[in-house]
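Taking it in order: structure first as structure tokens, then the write-up.
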Amino acid sequence: MSAPQVPIKPVAQKPLVLAPPTDADGNVVVKPRLDIATIASDPSLSKQRDLLVLAWDKLLYGIADPTNPRTFFQIGGIHGWPYVAYNSDAPLGDNNPFGYCWHGSQLFPTWHRPYVALLEQELRHWAKTIASEYTGPDAAAYAAAAEELRMPFWDWLANDSQAPALLTDPKVTVNAPTGSHTLANPLAAYRFPKTPVGSGYNFHQWINDPNPNDPPAPSPSTLTRRQPLDGGIPAMNAVLKQDYPNRVTLWSLLLRYDYQESDWHFFADHFIHSDEPDGFKWKGNPILAMSIEQVHDKIHVDVGGTKGQMSYPEVAGLDPIFFFHHCQVDRLLAQWQAAHPLTYVEPREEVSDSQNYLTGTGQEKTGPDYPLHPFRSDTHGGFWSSAMVRDTRVLGYTYDTLQTPQAADEATFEGENEVRWLLVLPAVKRFQYHASFTLLVFFYKDGTGPSAAELVAGDSNLKALRVGSDNFGGSMGVFTISATQAQHCSNCQRRGDLISGAIDVTAVLERIGLITADTPADAQLTGWEKMLRVVALDANGAGHADVQTGTPTLFGISKTEPGLDFFDAHDPPVSGTATS
């Protein structure tokens with residue numbers, strides 16, 4: 001299925017500029033971004049909660065014209081669909097562009113920073129507008145709350161790793177300017193506009209069936225959905241809870257490792273870089289096989305599941321939870337920056353998997369000053385760059401509750417076992433199942449148990465094993481555009497389609513008796529290759545045994561591993577504003 005033609009045209013008007021909030025003297029006003037769970041539960045933040053919900057509702061539905069760059073449809077569509085130039089940007093070319101988003105590139109973390117800030121700008125606008133409508137004794141308090149409000153983050157590294165109810169409940173009650181008001185929760189789903197549907201653009205069919213390579217979804221919906229064919233929100237929360245230890249391990253190691261100044265690209269993205277032997281980017285170091293993008297990818301596929309928009313880069317930006325998720329990714333980036341202030345985007349020749357308005361040739365020389373389209377810094381053709389957004393305060397926000405390295409260390413190496421065992425999958429072929437998919441890892445003692453083919457013989461059984469089997473070792477999400485669209489993406493074709501990642505398999509190795517709490521990190525574990533099974537769940541919910549991952553490698557990492565004692569000589573990061 002080729003990409004449909006889109007009749008929507010960018011609105012002809014003065015370009016929308018991403019500008020930080022300022023006071024009467026022109027100084028940038030910096031406020032902290034807060035945890036959505038805190039906003040939902042803290043009575044002292046009830047007015048921010050009211051404004052957040054009401055402002056999101058206006059952001060989604062307050063402007064009827066879907067071509068207006070301030071609408072959620074247009075802002076969410078920057079990430080992929082509807083594949084039109086945003087905000088009077090360069091016109092659509094002939095090289096089959098696929099959105100603006102940078103994935104598999106060193107610009108992945110920094111491109112999303114102004115993206116979330118753009119939505120935050122519109123959120124502030126609506127919050128202040130709504131606050132001005134309150135009267136009586138609470139009017140001043142709502143006006144103050146509007147000034148404080150910033151885009152909240154969803155902390156999926158918190159102990160309760162499930163999504164807060166404020167992000168999932170279908171209805172929500174708030175104190176509106178007119179009194180108590182119950183409405184469809186704008187944080188839980190987005191209702192697609194009817195206006196864009198037109199000749200050559202089967203919008204509603206595509207958003208209801210995000211993977212056009214597979215059979216259509218059985219029950220069309222006008223709303224974004226999460227795990228719609230896998231059990232909905234309970235299934236989503238079960239998977240998020242199950243993967244929590246793995247997320248904590250990966251992020252702790254990424255945060256605590258002593259990266260060199262030239263190592264930014266290892267941290268930033270999941271792509272296997274350059275022409276290194278066998279495609280390996282990680283040079284035998286399992287931490288360099290991991291990235292913030294890998295951690296990010298898993299949340300996308302866990303939330304979206306089968307046929308949910310978050311599983312598909314083309315439409316993920318149209319689910320409101322996307323921005324709460326990416327606000328958390330930005331928070332982790334800020335935390336990492338504070339711990340590694342000398343390591344950042346560098347001039348680099350790279351082939352990314354972003355096929356957008358400016359990357360049609362497939363080869364780009366990116367760097368700190370590379371323009372992050374379509375986020376305008378002025379009305380004269382300027383765009384924000386990675387260098388410009390290195391300090392979050394220039395955009396009017398910060399984070400004041402960042403996890404310390406000590407806390408990350410305790411969460412990762414808790415209990416008696418101070419060694420974590422990582423299974424590295426060094427060369428995962430991204431387009432092997434048409435769209436996003438999840439790799440599932442199982443270990444069976446002494447090589448007993450079902451083969452990979454037997455595991456996937458019944459797809460429903462495979463899903464059950466993922467949650468309930470003692471032999472299940474963990475999973476890795478592969479977040480990618482459909483293979484059909486990749487065929488039109490010259491970047492994807494020129495670069496190939498290999499990414500790397502790692503999974504914490506410590507718990508399953510203990511359960512099957514391959515290791516104990518006293519097993520040292522340098523122990524030579526024998527026979528584990530015959531115990532390992534790697535299978536895949538594709539975007540249509542089907543299981544696959546013919547998985548291409550490269551040669552899996554098992555590593556033990558000690559709490560005192562060289563490079564992980566980095567923080568012994570550093571002050572713990574407490575904010576995301578270090579730039580030196």
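The values are calculated or read from the model by the stated rules, or taken from the named source; none is laboratory data. Worth saying up front: this structure is predicted, and the values here are computed from it rather than measured. Here the Cβ positions follow ideal geometry from the backbone for every residue, glycine too, while neighbour counts run over all protein chains shown.
Observations
- The residues in segment 487-510 that are modelled with pLDDT under 85 and either in a strand (DSSP E or B) or more than 21 Å from G550 (Cα to Cα) (or both) can be counted, and the count is 6.
- Test: Q227 is assigned to a loop (DSSP other than H, G, I, E, B), at pLDDT below 90 and either assigned by TED's automatic domain parsing to the domain that holds S500 or surrounded by fewer than 21 Cβ atoms within 10 Å (Cβ to Cβ) (or both): no
- Leading residue by the ranking (modelled with the lowest pLDDT) among those in segment 236-276 that are surrounded by fewer than 23 Cβ atoms within 10 Å (Cβ to Cβ) and among the small types (G, A, S): S274
- Index of the failed condition, T549 passing every other in (1) hydroxyl-bearing (S, T, Y); (2) modelled with pLDDT under 70; (3) out of contact with any helix residue (DSSP H, G or I) (no Cβ under 7 Å at 6 or more places or on another chain); (4) surrounded by 18 or more Cβ atoms within 10 Å (Cβ to Cβ): (2)
- Residue satisfying condition, being in a helix (DSSP H, G or I) and at pLDDT below 55, within set I287, I299, I207: I207
- Tally, over segment 1-36, of residues that are modelled with pLDDT under 95 and within 30 Å of H181 (Cβ to Cβ): 1
- Residue match in segment 366-387 (condition: at pLDDT below 80, assigned to a loop (DSSP other than H, G, I, E, B), in the same structural domain as V84 (by TED's automatic domain parsing) and within 20 Å of the chain's Cα centre (by Cα)): no
- Residue selected from segment 339-356 under the condition farther than 22 Å from R430 by Cα and surrounded by fewer than 21 Cβ atoms within 10 Å (Cβ to Cβ), by the criterion modelled with the lowest pLDDT: R348
- Residues of segment 24-42 that are assigned to a helix (DSSP H, G or I) and among the hydrophobic types (A, V, I, L, M, F, W, C): I36, A37, I39, A40.
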